[in-house]
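One structure is given here, and the rest of the page talks about it.
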Amino acid sequence: MPAVRGWYELMPVKRTDKTPMPQRDATDRAQDFDEVNEGYCFAHAMFEAERCLRCQDPVCMEGCPVRIPISDFVHAIAAGDLPRAASILRTANPLPAICGRVCPQESQCELKCHMAKRFGPVAVGHLERFVADWERSQPLGESPPPPWQSARIAVVGSGPAGLVCAGQLARQGYPVTVYEALHAPGGVLRYGIPEFRLPNAILDWEIDALKRLGVEFINNVIIGKTIALDDLFDRHGFSAVFIGTGAGLPKFLGIPGENLNGVYSANEFLTRINLMQAFQFPEADTPLKVGKRVAVIGSGNTAMDAVRSARRMGAEQALVVYRRSEAEMTARVEEYHHAIEEGVKFHWLTNPVEVIGDDDGWVTGLKSLRMELGEPDESGRARPVPIEGSEFVFPVDNVVLSIGTTPNPLLAKTTPGLATHSWGGLVVDEQKGETSRRRVYAGGDAVTGAATVILAAGAGKSAAEAIHQDLSAGL
Amino acid sequence: MYKILAREDFSDVTFLLEVHYPMLAKAAKPGQFVIVMVHADGERIPLTIADFSIERGTITLVVQAVGKTTREMQQTCKVGTALYAVVGPMGMPSHVGERKKVACVGGGLGVAPVYPQARAFKQRGAYVIGIIGFRNKDLIFWEDKFASVCDELIICTDDGSAGIKGLVTDGIAKAIEVHPDIEEVIAIGPPVMMKFCADATRPHDIKTMVSLNPIMVDGTGMCGGCRVSVGGEMKFCCVDGPDFDGHQVDFDELMSRLARFKGEEREALERWTRNENCRLMGEEPHPSG
C-alpha cells in the first residue's frame, strides 16, 4: 500500500465555494432558543481547510483585529493536527468558540481572502468554531499552577474585554478578581447575545477555564457604587485595575410614544430573555410580554437578535424597520439571512416617527415615513430623506428600539479624575490602554463605544500586556 | 453571603429583613435601593434600603407580600437563610439639604424608606414633622422609631382606628395649616399616594420630593425599563433617581407602566399559590404548574 502523506489528498472533490454550515430547519428553530448552526463535522472542516490557497502573504490575517495566524491554523486542520490548530488559535484569540460564532467575518478576515475574489472565501469563522468546539470536547489537562505573582489585579466587568484581560493576566501568574454587577458573569455575551447564536454552555466553559487558571469571579458588585474605584487600590489592595464595563446604555429615538407599554429597548428585551430566561416563564419568574406583531427599529446585530427572539417568543409577524437601505445594514450577513429564513420581514428606507397607543397606554402602531436616499452624509453613507406625504402606520403590539448603546457613565461619574470623551467613552492612552488615572486601564466598548466582541477581546489582551509590563518595570 | 440575620413581621403582609452584606452597608446612603433575587430563577426586584448599619454590616429591607416574589420571600426568607443575590446600593442618595422645617410623609410600606431621610434631616437640625398613613391600626409599624426622629408625628388611618381618620394628604393639609413655613415635603408610598401628595403641596408651592418605584431589570441604567417622564424629559429611575421633584413627575404614565406585566404577575402568583397549597397538603405540585 502506498504511503499516504495526508489522507485529505485522497479527497475526491475540491469545492470552489464555501462549505455550507449545517443548520437547523428554519421553521423548527424559530420555535426555540437552541443554537441554529450545528457546526462542521470533521469532514466538513477538512474539505474547507483544503480550500485555503496557502498564500505567500496571508492577507486574511490583516483583516483580523487580533491578527490570528489564520493560514497556520487552517493548515493544521488540513493536516489533521487539531491540537496544534487549537493552540495556535487560542494563543492569538482567547475566545475562539465565541468569536467563531459572532465575529463579522465577511467584513474582516473573509473579506481579504484571495478565494473571495473568484469563489467564496475560506470559511474562517466556521473553522475557528470547529477547532474551538473540538477543543472543548477534549479532556481537561493538568490544572495550571496557582498564581505566583504578588501584585493583585481587579477587572471591572466580565464581558469579552474583561474575560480576555483576566485570562491573559492569570496566565502570567497574577491573582485576578473579576467584579460583575449582574448576578451572572459574561456581560453582553450573557445578557445580549441570544442562546440560538451563542449558547450559555460555551460561555460557562470559558468562564470555568478562567476559574481553573485561578481567576476569582465576584458577582453582584457594582464598582463605583458598592466599592469605589479608589477603594480597590486603598482598601482592597489591588495594584492595577482594568475597566471593561462595555457600552450598555440604550439610546432612545426621542419620538412621541416611546414610554407606552409594549415599547422596549433591545437591551431590556434581550436581557429579559437571555439573562432572566423569560422564555421559560412561568418556570422562570421574569416575564416578557410579546404580542403577535413586533417591530424592531435598527439594523445591527442586536436588532437581528431582538427580531429573531421576538419570533421565538411567539410573534407571528416580526419586522425590522430601518431608515436607511439594505446596503447600509450593519448586521452580520449570516444573521440577516437567518432572519429572512425565519420569516422576518425587512422594511428598508422607513423612518419611524411616532409610536401610537390606545387609551390604556398600550402600543397599537408605529407611524413611519418612507425615505429615499439623498446626498452622502458625514458618515459617507447616503443620507435618507423623507418622501413627502408618505406617512403610514404599521399595526404592531410591540416596538423594540435597537438604535445603539453608549458607554455606561456610572463608574466615570463616581470616580474623580477618570476622564471621558463628550460621548461617554473613557479616554485612554492608545498604546497601553491606560486611562487618565495611573494604573487604571480600560478597553472594549467602554472605550470605543459599541463595537465587536473581537475588538473588545483584542483590547483586553493588549491591556493585559501593558499591565504586565508596567508592573514588572515598577512604573 | 446575603444571609438574613433578623426578621420582624409587622402584619400579615409586611415584614422586615436584616441582610448581611458589609460592603454594601458601608456604601449605602439614605434614599438608595438594592436589587434582590430570591433564587436563581427569580426576578430581580428593587427594594429601598430602609436602614443600614455599618457596625453590624447589614442593610434593612421592608417588604410587602403582594406578588409572587414577595409572597415567596415571606414564606422562605427566615433567619439563617440567605438571598440568592443582593446588589447595590443603586440610585442617587437623597439630597438632604439645609432645611429648617420639613414634613416626611410615608404611606404604608413607604414609611420604611422615608425613615432614614427623616433621621438625616433631624441630625442636621431641622424641625421634622412625620406624617405616616396606614389602612388601619393593625398595619402600623415603626411608630416609635419614627417618633424618635420627629418633632411632631401625625398618624393617619383610613378607618380612623388610630390617629386621624383620613389619608396622608389630610395629614399634610393639617400640617401645612399649623406650619405654613414647611420648606420641603418628602413623600414615599404607593404612586397614587405620591401623586396626591404632590397635588396637595402644589398650591402652597412647597418643594415635594418623591421616590419612584418603577419596574426595572438590572438597576444600572442598562435596560431602560424604569424610564419615567419628569418635567417632560425621559429619566432612568435607577440611575437618575429614584428621588424626583413630585411636581414634575408624570404619575399617570408611571402607574400605567407599573401595570404592564399585570397579567403575567397574576399568572405567576396563582401558579405559585396553587403549588404552595399542594405543598401544604403534602401533595405533588399540580402538573400544569
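Miscellaneous remarks
- For region B:215-230, the count of residues that are more than 10 Å from chain A (Cβ to nearest Cβ) and surrounded by fewer than 17 Cβ atoms within 10 Å (Cβ to Cβ) is zero.
- Qualifying residue in region B:165-174 (condition: open to solvent by less than 50 Å² (accessible area, probe 1.4 Å), free of Cβ contacts under 8 Å to residues at least 40 places away in the same chain and in a helix (DSSP H, G or I)): yes
- Only one of the listed residues (A:Gly262, A:Gly298, A:Gly291, A:Gly254) is farther than 24 Å from A:Pro185 by Cα and without any contact (Cβ under 8 Å) to a residue 24 or more places away in the chain. That residue is A:Gly254.
- Within region A:428-451, being open to solvent by 40 Å² or more (accessible area, probe 1.4 Å), among the hydroxyl-bearing types (Ser, Thr, Tyr) and not in a helix (DSSP H, G or I) holds for one residue alone: A:Ser436.
- Subset tally (residues that are within 9 Å of chain B (Cβ to nearest Cβ), more than 27 Å from B:Leu24 (Cα to Cα), open to solvent by 10 Å² or more (accessible area, probe 1.4 Å) and not in a loop (DSSP other than H, G, I, E, B)) for region A:205-261: 0
- Residue, farthest from A:Ile227 (Cα to Cα), within region B:28-57, restricted to residues that are within 13 Å of another protein chain (Cβ to nearest Cβ) and open to solvent by 20 Å² or more (accessible area, probe 1.4 Å): B:Asp41
- Residue list for region A:22-39, restricted to those being open to solvent by 20 Å² or more (accessible area, probe 1.4 Å) and part of a loop (DSSP other than H, G, I, E, B): A:Pro22, A:Arg24, A:Asp25, A:Gln31, A:Asp32, A:Asp34, A:Glu35, A:Glu38
- Check on B:Val111, open to solvent by 10 Å² or more (accessible area, probe 1.4 Å) and assigned by TED's automatic domain parsing to the domain that holds B:Asp205: no
- Remark: A:Val353 matches the filter, which requires a residue to be of a type in the set (Val, Ile, Thr) and in contact with a strand residue (DSSP E or B) (Cβ under 7 Å, 6 or more places away or on another chain).
- Looking only at region A:40-76, residues that are under 26 Å from the mean Cα position of the chain (by Cα), in a loop (DSSP other than H, G, I, E, B) and not β-branched (Val, Ile, Thr) come to 7 in all.
- Considering B:Phe251, B:Phe261, B:Phe244, B:Phe236, the condition of being aromatic (Phe, Trp, Tyr) and within 8 Å of chain A (Cβ to nearest Cβ) is satisfied by B:Phe261 alone.
- A:Asp377 being among the acidic types (Asp, Glu), within 14 Å of another protein chain (Cβ to nearest Cβ) and surrounded by fewer than 20 Cβ atoms within 10 Å (Cβ to Cβ): no
- Matching option when the condition is at pLDDT 95 or above and in a strand (DSSP E or B), among B:Val34, B:Val62: B:Val34
- Considering (1) free of Cβ contacts under 8 Å to residues at least 40 places away in the same chain; (2) more than 23 Å from B:Met37 (Cβ to Cβ), the lone condition that B:Ala198 does not fulfil carries the number (1).
- Selection from region A:110-133 of residues that are in contact with a Cys (Cβ under 8 Å, 6 or more places away or on another chain) and either more than 20 Å from A:Asn37 (Cα to Cα) or not assigned by TED's automatic domain parsing to the domain that holds A:Thr19 (or both): A:Lys112, A:Cys113, A:His114, A:Met115
- Residue match in region B:232-248 (condition: closer than 27 Å to A:Glu283 by Cα and surrounded by fewer than 23 Cβ atoms within 10 Å (Cβ to Cβ)): no
The values are calculated or read from the model by the stated rules, or taken from the named source; none is laboratory data. The structure displayed is predicted, hence computed values, not measured ones. Quick reminder, even Gly has a Cβ in these numbers, built from the backbone with ideal geometry, and neighbours come from all protein chains shown. Heavy atoms of the whole protein, side chains included, go into the accessibility calculation; ligands, DNA and RNA do not. Shrake-Rupley method; radii C 1.70, N 1.55, O 1.52, S 1.80 Å.
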